[in-house]
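The values are calculated or read from the model by the stated rules, or taken from the named source; none is laboratory data. Keep in mind it's a predicted model, so treat the numbers as computed, not measured. Every residue, glycine as well, gets a Cβ built from its backbone with ideal geometry; the counts of neighbours run over all protein chains shown.
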Amino acid sequence: MRLAIREALLAFRRAPLLSALGITTIAFSLFAFGLFGLVAINIREALRAVEDRVELRAFLVDGATEESMSALLGDIAAFPEVREVGYVSPDSALARSREELSEFRDVFDASVLPGSFEIRLNDDYRDPVAVQSLADRITSYPDIEDVRFGQEWVAKLYRVRTISVFVGTGLGIVFALVAVMIIGSTIRMAVLARAREIEIMRLVGATNGFVRLPFLIEGLLKGALGGLLAAALTWATHTVVSRSLFETVFFTPTQVMIGVLAGAAIGFLGSLLSVGRHLRAVWRDA
Amino acid sequence: MSGVLRLDAATKEYPRTGVALKDVSFEVQKGEFVFLTGASGSGKSTLLKLLSFAERPTRGEVKVSGFSSATLRDGDIPQLRRRLGIVFQDFRLLTDRTVEANIAFALEVTGTPAAAISPKVGRLLTQVGLASKATAMPHELSGGEQQRVAIARALANDPFLLLADEPTGNLDERATRGIVQLLREINALGTAVIMATHDLSLIMRSGYRYIELERGDVLYDGTDARRLARHQ
Ligand SMILES: Nc1ncnc2c1ncn2[C@@H]1O[C@H](COP(=O)(O)OP(=O)(O)OP(=O)(O)O)[C@@H](O)[C@H]1O
Ligand SMILES: [Mg+2]
C-alpha cells in the first residue's frame, strides 16, 4: 500500500502537465454542476419565500346571488389544493385598496371592485402547473369573472430553475466524460512510463490488483483534488456574487463533501476504465 | 522422485505463424537440470512461455507443480510465478535503480514484509557472488554480473523451478562458464533448472539431460552427448 501510494505520487511528477489537465477538467466538471446547482438552490430559496405568499384571487361576476356564492365557496374549499378560502366583500376590498394605495384614493370607486374570493394554497400545490390547473377549474364556474395570481413570474422562476438544473447537469456530464478520457490518457502515460517495472512485477508474480493499485490511487487523488478545486471555485463565485450583487446561500458541508467524493469517483472511474487496457498493451511476458 | 512439471501432448499454435510446438510430452523431476536446445525458431522460448504460463497451450496440458493449464485461472498465475524463477538473455534489470534495489523490488511487489527484505537481499547477493556490488547501478556492471543480478532476483521468492532462456546468449565464454556454474550450484540446493541454449559444448561438458526441438517437435530427449558431437 505504501509502495502503491509512493508510485501514485511519483506519477504526478512524471507528467505534471497532463496531471494538472486531468485535475482541472474534473474541477470544471464539478464547477459546472456547482454553479448551476448554486443557481438552483438559490432560486429554490427565493421560490420558497414567494410560495408562502402564493394565493389566488377569484373575482365574482356582478350580481352573483348569495346562495350560489356560498355553494361556490364550499366547492372551492373542497379542492385538495386549497388550504383556506375567504370572501372579500367589495366594500372591504375597497377599504383595503385605499389603505394600501392611499395616494390613488380617488381612482377607487365602490362600483369598480367586485366581490372576490381569496384562496390560499396547500404546500404541495404551489408549482405553476398545479396553480394554473386550479385557476382553470375555478374560472369555469359561471359566477367567476376572472382568476388572478402571480403566474407569470412564478412560472419564470420555475423555468429558470429547471433550465439551470438541466444546463448544469448537461455541462457537468460533458466535462465529466472529458475528464474520464483525460484521466484515461494520463494513466496511459503513467503505464508506459512504468512499462519495465510492470513487466518485472508480472514476471515475479505481483498480482494484477497490486499492479493496478497505484494507477487507481492516482486517479482517485486527482479526482479528489479536482473536487476540492471545484468547491473552491464555487465558493469564490458565491462570495463574489454575495458581496457585489445579492445575498446567496451556499451548499451545506455535506453537499460539498459529496462533490469532492464525486470528483474522486470520476478520477477512479477514469483510471479503472483505462488501466486494464493499457496494462495489457505493455506487458511483454517473456 | 516427484515431478515438478509435465507436458502432455502440449501444442501451441499461433494465429499468424502456425504451429510452434507439436504434441510435446515430457516430465521433469524435482531437482533435475535439463537443457533445451534446437535451431532458431524450433520452439524453445515458446516451451518456456508455456511453463511460465505466459502462454497457454492450444491443445494438450501443461502442469507445473500443482498448477494445470486446464484449470488454472488467469488470476492465479501470479501465485505460480512466485514459485518460479525466470531469467532471460537480456537480463531485464531496472536501469534506474541499484543492484540491491532491483532485487528488493521483486520482494516488495510480492508482499514480503519490509523488515525481511534487506537481509534477504544481502543473502541473495552473496549467493550470486555480488555482495560487493550492492549499490552499483546495472550499467556499471559487466554482462555476466548483470545476469547474476537477474538470477538473484529470480531466486528472491525461493523458486522450486528456474527457467532460463539463453541466459548466456549475450556473454563471452568465461562469463558463460561462471553463469552455468552458478546455475549448477542453485540446482545442487534443490531447485530444478531448465535452460535453453544454442551452446552445444555446454551440454556436452555437463553430461546433463537435454531435450532437442526441431520445428516444434521433440527430436531427442536424453543424455547422449555423442549425438551432439556429430551435430557439430
Ligand atoms: N508471440 C508470437 N506470435 C506468433 N508467433 C510466434 C510468437 N512467438 C514465437 N512464435 C513462432 O513460434 C516459433 C518458435 O519460436 P520460439 O521463439 O519459440 O523459437 P526459439 O527456439 O526460442 O528460437 P530462438 O533460438 O531464435 O530464440 C517461431 O516460428 C515463431 O515465429
Ligand atoms: Mg528463443
request  = Give me a count of the residues in the range B:157-170 that are part of a loop (DSSP other than H, G, I, E, B), of a type outside the set (Gly, Ala, Ser) and within 16 Å of ligand 2 (Cβ to nearest atom).
outcome  = 4
note = Of the residues in the range A:225-236, those that are touching a Phe, Trp or Tyr at 6+ places or on another chain (Cβ under 9 Å) and in contact (Cβ under 8 Å) with a residue 40 or more places away in the chain number 6
message = Against the conditions (1) under 30 Å from B:PHE91 (Cα atoms); (2) surrounded by fewer than 19 Cβ atoms within 10 Å (Cβ to Cβ); (3) more than 14 Å from chain B (Cβ to nearest Cβ); (4) of a type in the set (A, V, I, L, M, F, W, C), where does A:VAL240 fall short? Just the number, please.
response = (1)
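Looking at the range B:162-175, which of its residues are within 16 Å of ligand 1 (Cβ to nearest atom) and out of contact with any strand residue (DSSP E or B) (no Cβ under 6 Å at 6 or more places or on another chain)?
Initial filter on the range B:162-175 (within 16 Å of ligand 1 (Cβ to nearest atom)): B:163-171.
Matches in the range B:162-175: B:THR168, B:GLY169, B:ASN170, B:LEU171.
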remark   = Restricted to the range B:63-83 and to residues being small (Gly, Ala, Ser) and touching a Lys or Arg at 6+ places or on another chain (Cβ under 7 Å), the residue farthest from the other protein chains (Cβ to nearest Cβ) is B:SER69
task = Give the residue that is nearest to A:LEU225 (Cα to Cα), with candidates limited to residues of the range A:247-264 that are surrounded by fewer than 13 Cβ atoms within 10 Å (Cβ to Cβ) and hydroxyl-bearing (Ser, Thr, Tyr).
result = A:THR254
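Can you find, within the range A:174-198, the residue that is farthest from the chain's Cα centre (by Cα) among those that are within 14 Å of another protein chain (Cβ to nearest Cβ) and buried (at least 18 other Cβ atoms within 10 Å of the Cβ)? Show your work before the answer.
Of all residues in the range A:174-198, those within 14 Å of another protein chain (Cβ to nearest Cβ) come to A:193-198.
Then drop every residue that is not buried (at least 18 other Cβ atoms within 10 Å of the Cβ), which leaves A:194, A:197-198.
On the way: A:ARG194: 42, A:GLU197: 46, A:ILE198: 44 Å.
Selected residue: A:GLU197.
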ask   = Condition test on B:VAL109, is it among the hydrophobic types (A, V, I, L, M, F, W, C), surrounded by 19 or more Cβ atoms within 10 Å (Cβ to Cβ) and within 12 Å of chain A (Cβ to nearest Cβ)?
value = yes
query = In the range B:45-62, what residues are buried (at least 21 other Cβ atoms within 10 Å of the Cβ), near ligand 1 (Cβ under 10 Å from one of its atoms) and either more than 11 Å from chain A (Cβ to nearest Cβ) or under 13 Å from B:LEU72 (Cα atoms) (or both)?
reply = B:LEU50, B:GLU55
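Suppose the filter is modelled with pLDDT of 80 or more, among the hydrophobic types (A, V, I, L, M, F, W, C), farther than 30 Å from A:SER19 by Cα and in the same structural domain as A:ALA32 (by TED's automatic domain parsing); does A:ILE144 pass it? I'd like the intermediate steps shown before the answer.
Working: modelled with pLDDT of 80 or more: yes; among the hydrophobic types (A, V, I, L, M, F, W, C): yes; farther than 30 Å from A:SER19 by Cα: yes; in the same structural domain as A:ALA32 (by TED's automatic domain parsing): no.
Taking the combined requirement at face value, the residue does not satisfy it.
Quickly run through the range B:216-225 and pick out the residues that are more than 14 Å from ligand 2 (Cβ to nearest atom) and more than 18 Å from B:SER201 (Cβ to Cβ).
Here is the first cut: in the range B:216-225, the ones more than 14 Å from ligand 2 (Cβ to nearest atom) are B:217-225.
Result: B:ASP217, B:VAL218, B:LEU219, B:ASP221.
Give me the residue from the range A:236-272 that is among the aromatic types (Phe, Trp, Tyr) and touching a helix residue (DSSP H, G or I) at 6+ places or on another chain (Cβ under 6 Å) and, out of that set, nearest to A:VAL174 (Cα to Cα). Lay out the reasoning, then the answer.
Within the range A:236-272, the first condition is being among the aromatic types (Phe, Trp, Tyr), and the residues that meet it are A:246, A:250-251, A:268.
Checking which are touching a helix residue (DSSP H, G or I) at 6+ places or on another chain (Cβ under 6 Å) leaves us with A:250, A:268.
Numbers: A:PHE250: 24, A:PHE268: 17 Å.
Among those residues, the one meeting the criterion is A:PHE268.
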ask   = Is at least one residue of the range A:243-259 within 14 Å of another protein chain (Cβ to nearest Cβ) and out of contact with any strand residue (DSSP E or B) (no Cβ under 6 Å at 6 or more places or on another chain)?
value = no
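Anything in the range B:191-203 that is more than 16 Å from ligand 1 (Cβ to nearest atom) and modelled with pLDDT of 95 or more? List them, or say none. It would help to see each step written out before you state the result.
Of the residues in the range B:191-203, the ones more than 16 Å from ligand 1 (Cβ to nearest atom) are B:191-193, B:201.
Within the range B:191-203, B:THR191, B:ALA192, B:VAL193 qualify.
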key: Which numbered condition A:LEU213 fails, given (1) crowded, with 18+ Cβ neighbours inside 10 Å; (2) more than 14 Å from chain B (Cβ to nearest Cβ); (3) in contact (Cβ under 8 Å) with a residue 60 or more places away in the chain   = (2)
message = Criterion first (under 12 Å from B:ASP165 (Cα atoms) and either surrounded by 19 or more Cβ atoms within 10 Å (Cβ to Cβ) or within 14 Å of another protein chain (Cβ to nearest Cβ) (or both)) does B:LEU36 satisfy it?
response = yes
note = B:GLU27 vs (1) within 23 Å of B:LEU202 (Cα to Cα); (2) touching a residue at least 40 places away in the same chain (Cβ under 8 Å); (3) more than 10 Å from ligand 1 (Cβ to nearest atom): all pass except (2)
message = Let me spell it out: the conditions are (1) within 16 Å of ligand 1 (Cβ to nearest atom); (2) surrounded by 15 or more Cβ atoms within 10 Å (Cβ to Cβ); (3) touching a residue at least 60 places away in the same chain (Cβ under 8 Å); (4) of a type in the set (A, V, I, L, M, F, W, C), and B:ALA10 meets all of them except one. Which number is the exception?
response = (3)
task = Kindly state which helices (runs of 4 or more DSSP H) lie completely within the range A:1-84 and contain at least 2 residues that are in contact with a Phe, Trp or Tyr (Cβ under 9 Å, 6 or more places away or on another chain) and at pLDDT 80 or above.
result = A:16-51, A:66-78
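Please indicate, with yes or no, whether at least one residue in the range B:128-145 is closer than 22 Å to B:LYS30 by Cβ and in a helix (DSSP H, G or I). Let's see the steps before the verdict.
If we filter the range B:128-145 for residues that are closer than 22 Å to B:LYS30 by Cβ, which is where we start, we get none.
No, the range B:128-145 contains no residue that is closer than 22 Å to B:LYS30 by Cβ and in a helix (DSSP H, G or I).
Can B:ALA20 be described as in contact with a Gly (Cβ under 6 Å, 6 or more places away or on another chain) and either touching a residue at least 24 places away in the same chain (Cβ under 8 Å) or under 12 Å from B:LEU163 (Cβ atoms) (or both)? Let's see the steps before the verdict.
Values: in contact with a Gly (Cβ under 6 Å, 6 or more places away or on another chain): yes; either touching a residue at least 24 places away in the same chain (Cβ under 8 Å) or under 12 Å from B:LEU163 (Cβ atoms) (or both): yes.
In short, yes.
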